[in-house]
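Encoded as structure tokens, the structure appears first; notes follow it.
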Amino acid sequence: MSMFSLVFMRNAYLAGTFIAIICGTIGVFVIARNLSFLTHTLSEIGFAGAAFGIFMGWTALSGMLIFTVISSVIVGQMSVKQSRREASISAISALFIGLGILFLSLSNQTSSYATSILFGSVIGIASADVIRVAILSAIVLLVMLGLYRPLKFDSFDAIGARVSGLWTTGISVAFLVLVAMSVSVAAQIVGSLLIFILLTLPAAAARYFVHTVSKMIFLAIGFALIGVWLGLYLSYVTNLPVSFFIAAIECIFYFAALGYQRLRVGS
């Protein structure tokens, strides 16, 4: 039987493609703005949001979106200053991990359901999920297109952006909302706890190979697409978790990039 004869695999590949595109795009700015730690925290907040959504009888994605978007705005206001950022994020992360466990307990869901939220579930992706992922991805990309120039300026020349009078706080909050939406969307494939992989490693690897923002975005998208597509295929043929394969593939890209950088510097 062909892999694409299965509806859930077709859905997984479609959703995975959208996810890889937005993660590759957003990830370049996540790396530039040193927000990898925040991305990990939003994934934990997404876990709490998904659990809350299930507790309320909503979809997991709806709960994730509510929690991550609101939390990203709060974190953005609390952590404008670099000196406060890590402490603020750590406090919020601890709170939402506890809330996620509480909501799952109150909703009487099994441990397997918690596992699917944390690490993703390819089998659980329905056609309606693909449509929601496509719509949210389109929104993220359109807003990114509108913010591209000021966001690039603020991300790669923060001092110059402030001196020029750019509203950096507003840009930061808007970007955090986009990151929150990306976390919620991408969790459909790799789960809430591993989402930072797609939002950081492809972009982190790309910056060692190319040196313009546009090229970094395209290469990061390419790395993310390969990781998702190959990870889904390997998961299908081995019946092992797709998140493991995506994580392994993206780590290979990253360490290959480090090796390339060392050889280039050495030569």
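Could you run through the range 159-193 and say how many residues are free of Cβ contacts under 8 Å to residues at least 40 places away in the same chain, open to solvent by 10 Å² or more (accessible area, probe 1.4 Å) and not hydroxyl-bearing (Ser, Thr, Tyr)?
Qualifying residue count for the region: 10.
Among what's in the range 21-48 and is more than 28 Å from Asn239 (Cα to Cα) and among the small types (Gly, Ala, Ser), pick the residue that is most open to solvent (accessible area, probe 1.4 Å).
Ser36
If you go through the range 147-166 one residue at a time, do you hit one that is of a type in the set (Ser, Thr, Tyr), under 25 Å from Leu14 (Cα atoms) and modelled with pLDDT of 85 or more?
no
One line per residue, one yes/no per condition, for (1) crowded, with 24+ Cβ neighbours inside 10 Å; (2) at pLDDT 85 or above; (3) within 16 Å of Phe196 (Cβ to Cβ); (4) hydroxyl-bearing (Ser, Thr, Tyr):
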site: Ile19; (1), (2), (3), (4): yes, yes, yes, no
site: Ile54; (1), (2), (3), (4): no, no, no, no
site: Leu104; (1), (2), (3), (4): no, no, no, no
site: Ser107; (1), (2), (3), (4): no, no, no, yes
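crowded, with 24+ Cβ neighbours inside 10 Å and either modelled with pLDDT of 90 or more or among the charged types (D, E, K, R) (or both), is that true of Ala15?
Criteria met by Ala15.
Being buried (at least 24 other Cβ atoms within 10 Å of the Cβ) and either out of contact with any Lys or Arg (no Cβ under 7 Å at 6 or more places or on another chain) or more than 15 Å from Val30 (Cβ to Cβ) (or both) is the filter here, so list the residues in the range 195-216 that pass it.
If the condition is that a residue be buried (at least 24 other Cβ atoms within 10 Å of the Cβ) and either out of contact with any Lys or Arg (no Cβ under 7 Å at 6 or more places or on another chain) or more than 15 Å from Val30 (Cβ to Cβ) (or both), then Ile195, Phe196, Ile197, Leu198, Leu199, Leu201, Pro202, Ala203, Ala205, Ala206 are the ones that fit.
Against the definition (closer than 18 Å to Val75 by Cβ and under 17 Å from the mean Cα position of the chain (by Cα)), how does Leu151 come out, yes or no?
No; evaluated as a whole, the condition is false for this residue.
Hey, can you tell me all the residues within the range 128-145 that are open to solvent by 20 Å² or more (accessible area, probe 1.4 Å) and at pLDDT 90 or above?
Scanning the range 128-145 gives Ile131, Ala134, Ile135, Leu136, Ala138, Ile139, Leu141, Leu142, Val143, Leu145.
Would you say Phe244 is open to solvent by 60 Å² or more (accessible area, probe 1.4 Å), part of a helix (DSSP H, G or I) and either modelled with pLDDT of 95 or more or out of contact with any strand residue (DSSP E or B) (no Cβ under 6 Å at 6 or more places or on another chain) (or both)?
So Phe244 fits the description; yes.
The values are calculated or read from the model by the stated rules, or taken from the named source; none is laboratory data. These figures come from a predicted structure and were not determined experimentally. Glycine also receives a Cβ, built like all others from the backbone with ideal geometry; neighbour counts cover every protein chain displayed. When the accessible area is computed, the model is the full protein with side chains, heavy atoms only, and any ligands, DNA or RNA have been set aside. Shrake-Rupley method; radii C 1.70, N 1.55, O 1.52, S 1.80 Å.
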